[in-house]
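Just below is one structure, and these are the notes that go with it.
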Amino acid sequence: MIGLCLSDPHPDRAGDGSPIRTLSAARFAGRYRLVDFMLSNMVNSKIFTIGMILNSHYQSLISHIGMGKEWDLARKSGGVTFFPPYHADERRSVNGELDGPLQRAAEFLTETTAKDEYLVLADSGVIYNMDYRTALEAHKRKKADVTAIYTKKNITPGERENTVVFNISDTGRVVAVEQAPPNADEINVSLGAYIMSKRCFIQLTAGEKNCGMLRFSRVLLASALERLNVMAYEFKGYSAHICSVETFYHYNLEILNIEKRKLLFDFEGRQISTNRKDSLPTKFGKNSDIKNSLIADGCQIYGTVVNSIICRNVKIAAGAVVKNSVLQDDTVVDKDARLDCIIADRGVVISENRNMMGYSSYPVYIERKRVI
Amino acid sequence: MITERKECIAMLLAGGRGSRLKMLTEHVAKPAVTFGGKYKIIDFPLTNCVHSGIDTVGVMTQYQPLLLHDYIGKGQHWDLDLLHGGVSILPPHSKPGSTAWYSGTANAVYQNQNFIETFAPEYVLVLAADHVYKMNYGTMLEYHKQVGAACTIAVIEVPLKDASRFGILNTDPSDRVVEFEEKPEHPKNNLASMGIYIFNWRVLRGYLNDDELNPESSHDFGKDVLPAMLRDGLDLYAYRFDGYWKDVGTDESLWQANMDLLDDLHLGFEDWHILSKSSGRPPHFISPTGSIKSALITEGCEIYGTVENSILSVGVVVEEGAIVRDSVIMENAHIGKNAIVEYCILDEEAVVPDNCVAGEPRERGKLNVYSRDTKFQPVSDERRSAL
């Protein structure tokens, strides 16, 4: 099998200066990026040839992945290949045809990976811990054209818009691709992961220059449901669909739950890898007071931290109180500052005595390197 | 065959057991003992080499090398996986006419002459993996060239009362060595050798060959080779170092060096990033029942109990109601519910079951070290009420 990553561009929330990184590079659980889960899932499924279709703002994603060394993907055969757009409006390729990342990926699939018949299409915005090989077995057994991986769950209001829901027949066939209903329990939510043959993928995306996972599911796949045998495969583990500032916040804090954390980081013995920075261990001062928090290495904590996710190299001074917040790398919280329901992007500085508060359903996002 | 000429290469002596550490080096060589929660002692000399511009390091291993070899890998964690140079692991090996173990520090380098010759170096830096320190060997090399020494020995001033534990150098006002005394009973000086030497390779090669033929020799740099050079009137110079340098060769010193990190995490040297093979485990979690005062905690730890004035290594679990105080806990140790751990070093994978006790209060002054196989006793009522 080979892997191909399609992601959606970063959604903006009006008026708040949204994160400028592509979503795949957004941080999770203190030291991870969203893309780590997809890459780890693929490598744990013995997929070592991975293509990544890029949209925009992909600099930090490429820096993070590099040669893929941390995932055992720096290899002579296979590894990670990036397909960025060449130009704002992809002009003409050498042979005069319209060209785009998807075409180049298709060419890559047919030429460079001839021996692999099957393809996993995955979205790095959805995180879970899965071995795709079990889904591939089901795919072969049921002689499916496409296997759509889904999970049964409740969704938060923030992810409704970006959620793809499958209507599944008694025989397990996907009969419709739908929007999430307003108030429903336990719906069949797509994990944005599909298994199909390379040929099938190339046919489905013919004529597309570039597309995100939403378009693939809602338009390309939805219009082929009659023509193709699209079977559903249920994933029974933990999953988080991160598609907005609210969901970023919600799922980061949800991972404070130990059961969910185990399901994500140590499910059936599969580990999640990430880029390692060899930060110093985290140092706690004499008067630090920490409750229910996940704290990465390299931090220096002298104040109070409650119900929060603290990423690498964060400094929290004495007297400062951080509650219900996600502080990303290099955040500095000065003496006696107070934060509640805040997302601080990389390098934010909260000066002495500042007091900032959001609400759990409307966390305040502070853009990177902002000094408050 | 010369692959690529290097001006200076490092030879790292990593074959010793570190027998003064007893329990902690039963399964691993001393260079692979954990320090500061997420490092191994060997990270320090390797990091120093990389930051000093020395990109070729031969690591001579012998005692319990399995984990050490695995840890070093191809040197990728220190950016030492290079086309030319990088890390080479050099275990003792058989060759025509000999199947010898490394019989001493000098003999280990003697046996690897062929390795050194492939780089045709001008200088050879000989290092041990016994100490925690940050040092720029490049500056020392500059000094070595400037004074035109045959050998330069890094030295540090130690309190005179401790001087008899070290190799002591007596020097003239220009820091030229006039006498070398190994662990003198009545030290005349407090300049202790740090076990870091830079030699002119051509000179050293001659002395190693002579030393090998000497049946009286113990084949040790400090005891045999340096004194022989002095006797022959070669220029040996002392290079003074005044940064943090800590022996971690005994249980007490290992404990103390770990605790020093609580005072100064950077060991006095902020922009000298210690490179290491990080575990890649999730960040540590502190539960609503957990409490942490003055501690160093790293990846993969789960804290449900109380941790005070302690260093916790990767993957340590402290269950609810447990108390960890004044201790250094090695990787993946597990401390059960309501257990008490005080003033001790707990080895990797050690398990203190629920309601059991390890160590004694620090006031009693006895540091305990527990191996991974230790069976711990239940906490007595008296002990619990004394908390």
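The values are calculated or read from the model by the stated rules, or taken from the named source; none is laboratory data. Treat the numbers as computed from the prediction; the structure is a model and nothing was measured. Note that we place each Cβ from the backbone using ideal geometry, even for glycine, and neighbour counts take in every protein chain shown. The protein model used for the area step is the full one, side chains on, heavy atoms only, and it has no ligands, DNA or RNA in it. Shrake-Rupley method; radii C 1.70, N 1.55, O 1.52, S 1.80 Å.
Give me the angle, in degrees from 0 to 90, between the Cα long axis of helix A:101-112 and the longest principal axis of the Cα atoms of chain A, rounded to the nearest 10.
It works out to around 60 degrees.
Taking the DSSP beta bridges in the protein assembly as shown as the whole, what percent of them are antiparallel, to the nearest 5?
40 percent
Taking the alpha-carbon distance from residue B:30 and a cut-off under 20 Å, which lysines remain once sequence neighbours fewer than 8 residues away in the same chain are dropped?
B:22, B:38, B:40, B:74, B:134, B:246, B:277
Nearest 100 Å², what total accessible surface is buried between chain A and chain B (probe 1.4 Å)?
The A and B chains share an interface burying roughly 2900 Å².
Nearest-5 percent of antiparallel DSSP beta bridges in chain A?
35 percent
Go ahead and estimate [θ] at 222 nm for chain B from helices alone: -39,500 (n - 2.57) per DSSP H run with n ≥ 4, summed, over the residue count, rounded to 500.
-5500 deg cm²/dmol
Given chain B, what percent of its DSSP beta bridges are antiparallel, to the nearest 5?
Around 35 percent antiparallel, to the nearest 5.
Of A:286/A:315; A:260/A:335; A:277/A:315; A:46/A:69; A:283/B:366; A:236/A:277, which ones are farther than 23 Å apart at the Cα?
A:260/A:335; A:283/B:366; A:236/A:277
Just the number, please: carbon plus sulfur as a percent of the accessible area of chain B, 1.4 Å probe, no ligands or DNA/RNA counted.
Solvent-exposed carbon and sulfur of chain B make up 49 percent of the total.
Once the Cα atoms of helix B:137-147 and of chain B are each reduced to a long axis, what angle between those two axes, in degrees from 0 to 90 to the nearest 10, is obtained?
Computed tilt is about 30 degrees.
List the residues of segment A:248-290 whose accessible area drops by at least 40 Å² when all protein chains are present, compared with their chain alone, using a 1.4 Å probe and counting only protein heavy atoms.
So the qualifying set is A:261, A:276, A:278, A:280, A:281, A:283, A:284, A:286, A:290.
Whole number please: convex hull volume per residue, Cα atoms of segment B:29-185, in Å³.
156 Å³
Considering only protein heavy atoms and a probe of 1.4 Å, how much of the accessible area of chain A is carbon and sulfur, as a whole percent?
Looking at chain A in its full context, I get 48 percent from C and S.
Let's test this: bin the Cα-Cα distances of segment B:255-387 at 5 Å from zero up to the farthest pair and state each bin's percent.
All Cα pairs, binned at 5 Å, distribute as 2, 11, 20, 25, 20, 12, 6, 3, 1, 0 percent.
Just the accessible area per residue of the protein assembly as shown, please: how many Å² with a 1.4 Å probe?
Using a 1.4 Å probe on heavy atoms only, each residue of the protein assembly as shown averages 41 Å².
Over chain B, what relative contact order in percent results from Cα pairs under 8 Å that are six or more residues apart?
Here the relative contact order equals 14 percent.
Pick from A:70, A:137, A:178: which is most flexible by mean-square fluctuation in a GNM of chain A where alpha carbon atoms under 10 Å apart are linked?
Residue with maximal mean-square fluctuation among A:70, A:137, A:178: A:137.
Segment A:137-178 to segment A:227-258: how many Å between their Cα centroids?
Distance between centres, Cα-based: 13 Å.
May I ask you to work out the translational diffusion coefficient for chain B at 4 °C, viscosity 1.567 mPa s, via Stokes-Einstein with Rh from the Kirkwood sum over Cα pairs, reported in whole µm²/s?
Estimated diffusion coefficient is 58 µm²/s.
Enumerate the amide H contacts of residue A:323 below 5 Å, restricted to partners 5 or more residues apart or on another chain; note that Pro and chain-start residues carry no placed amide H.
A:306, A:339, A:340, A:341
Under a point-charge model restricted to the Cβ atoms of Lys and Arg (+1) and Asp and Glu (-1), what is the dipole moment magnitude of the protein assembly as shown relative to its Cα centre, in debye to the nearest 20?
1700 debye
What fraction of the Cα pairs in the protein assembly as shown, stated in percent, has a spacing above 46 angstrom?
Value for the protein assembly as shown: 33 percent of Cα pairs lie more than 46 Å apart.
How about segment B:294-387: which trypsin sites (Lys or Arg not before Pro) there are in a DSSP loop, with at most 14 other Cβ atoms within 10 Å of their Cβ?
B:366, B:375
Using heavy-atom solvent-accessible surface (probe 1.4 Å) with all chains present, what is the largest-first order of B:174, A:273, A:288?
Greatest to least solvent exposure: B:174, A:273, A:288.
Hey, which lysines would be in cross-link range of residue A:198, C-alpha to C-alpha under 16 Å, not counting anything within fewer than 8 residues on its own chain?
Correct list for residue A:198: A:115, A:140, A:143.
Just want the answer: with Cβ charges of +1 for Lys and Arg and -1 for Asp and Glu, which residue in A:180, A:248, A:150 is farthest toward the dipole's positive end in segment A:119-258?
Highest projection toward the positive end goes to A:150.
If you put +1 on each Lys and Arg Cβ and -1 on each Asp and Glu Cβ, how big is the dipole of chain A around its Cα centre, in Debye rounded to 20?
Dipole magnitude for chain A comes out near 760 debye.
If I take every Cα pair under 8 Å that is 6 or more residues apart in chain A, average their sequence separation and divide by the length, what percent do I get for the relative contact order?
After rounding, I find 16 percent.
Using alpha carbons only, how many degrees (0 to 90, rounded to 10) separate the axis of helix A:245-254 from the longest principal axis of chain A?
On a 0 to 90 degree scale, this one is about 70.
For peptide B:35-41, compute the average count of partner chain beta-carbon atoms within 10 Å of each residue's beta-carbon.
For this peptide, the per-residue mean of nearby foreign Cβ atoms is 2.
What dipole magnitude, in Debye to the nearest 20, does segment B:289-387 give about its Cα centre under +1 on Lys/Arg Cβ and -1 on Asp/Glu Cβ?
In total the dipole reaches around 320 debye.
Using the reciprocal of the averaged 1/r over all distinct C-alpha pairs, how large is the Kirkwood radius of segment B:125-229 in Å?
By the Kirkwood definition, the hydrodynamic radius is 14.6 Å.
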